[in-house]
Amino acid sequence: MSTNIKAVIFDMDGLIIDSEPLWRKAEMAVFKSMGYDFTEEMCIQTMGMRLDTVVKFWHEKLKWSNPSIEEVVQNIQNKLIENVNNFGEPLEGVIETIKLLKESNIPIAIASSSSFKIISAVTKKLAIESYFDIIHSAENEKQGKPNPAVFNSTAKMLGFNNENCLVLEDSKFGMLAAINAGMKVIVIPENGTKPTWAKEADRTLSSLKDFNLQQLSFS
């Protein structure tokens with residue numbers, strides 16, 4: 001049975017912007033200031049999760065008393081925005097893909113685990129805000145990815161059924177959220193990686209440079 005894709009939903013971190021290294025730098029800097037030798041490998045464990053969930057995850061393991069979870073979240077967010085403003089760059093093929101879909105009258109949205117404050121910083125830095133019909137953050141949902149809530153809400157705002165939406169993702173938690181929402185999903189893993197979990201996606205691409213309108217067809 002063929003699937004009629006009517007809208008495309010973009011993840012943001014690691015998909016639109018090469019922000020995963022910037023996230024890792026922000027997390028490591030903040031946790032280092034708290035006295036922890038935080039590594040990139042530790043950051044990768046929670047890639048794709050909502051920031052408050054990430055901090056709660058590490059609080060369960062490290063059990064610090066001060067600063068508060070909320071303060072750590074804000075500190076990481078502020079450092080990340082500083083990094084985006086200084087070093088943020090779009091990933092390969094992103095701008096071309098966004099323009100191709102807009103020129104083809106395919107509605108597009110962002111559905112991100114990041115806060116609206118971070119999404120705004122990224123879209124302004126890359127000058128892409130005006131292209132998107134809907135921009136939605138999981139901060140307004142009760143649960144973040146891999147829960148499908150952020151994708152369910154985005155599809156509703158776009159005015160399409162979930163089965164008519166295609167999600168572009170880079171992380172395992174994002175992919176699972178799309179699958180849990182009953183959407184088609186294409187995974188573009190972090191450059192140079194070939195994760196085994198990506199086999200659960202409908203397709204994988206090495207970068208958005210490989211995206212074309214034929215990717216909207218699924219049989």
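Values computed for the structure shown
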| quantity | calculated |
| --- | --- |
| Cβ-Cβ under 9 Å pairs, at least 6 apart or on other chains, region 73-88 side among the basic types (Lys, Arg), far side surrounded by 19 or more Cβ atoms within 10 Å (Cβ to Cβ) | Lys79/Leu22; Lys79/Ala26; Lys79/Glu27; Lys79/Val30 |
| Candidates Ala127, Ala121, Ala138, Ala109, filtered to the one that is of a type in the set (Gly, Ala, Ser) and closer than 17 Å to Leu166 by Cα | Ala109 |
| Options Ile95, Ile110: the member that is in the same structural domain as Leu176 (by TED's automatic domain parsing), modelled with pLDDT of 95 or more and crowded, with 18+ Cβ neighbours inside 10 Å | Ile110 |
| Region 120-131: number of residues that are in contact (Cβ under 8 Å) with a residue 40 or more places away in the chain and surrounded by fewer than 23 Cβ atoms within 10 Å (Cβ to Cβ) | 4 |
| Top-ranked residue in region 160-172 [being more than 12 Å from the chain's Cα centre (by Cα) and in contact (Cβ under 8 Å) with a residue 12 or more places away in the chain; ranked as surrounded by the fewest Cβ atoms within 10 Å (Cβ to Cβ)] | Glu163 |
| Any chance Ser104 is closer than 21 Å to Lys32 by Cβ and surrounded by fewer than 19 Cβ atoms within 10 Å (Cβ to Cβ) | no |
| Positions within region 190-219 being under 23 Å from Pro21 (Cα atoms) and small (Gly, Ala, Ser), in sequence order | Gly192, Ala198, Ser206, Ser207 |
| Checklist (1) surrounded by 19 or more Cβ atoms within 10 Å (Cβ to Cβ); (2) farther than 15 Å from Leu15 by Cβ applied to Gln143, failing item | (1) |
| Per-region count, region 144-172, residues assigned to a helix (DSSP H, G or I) and modelled with pLDDT of 95 or more | 13 |
| Considering residues of region 173-218 that are small (Gly, Ala, Ser) and either outside the structural domain of Ser112 (by TED's automatic domain parsing) or outside any loop (DSSP other than H, G, I, E, B) (or both) only, the residue surrounded by the fewest Cβ atoms within 10 Å (Cβ to Cβ) | Ser217 |
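The values are calculated or read from the model by the stated rules, or taken from the named source; none is laboratory data. This is a predicted model, so every value here is computed, not measured. No Cβ is skipped: glycine too gets one built from the backbone with ideal geometry, and neighbour counts run over all protein chains shown.
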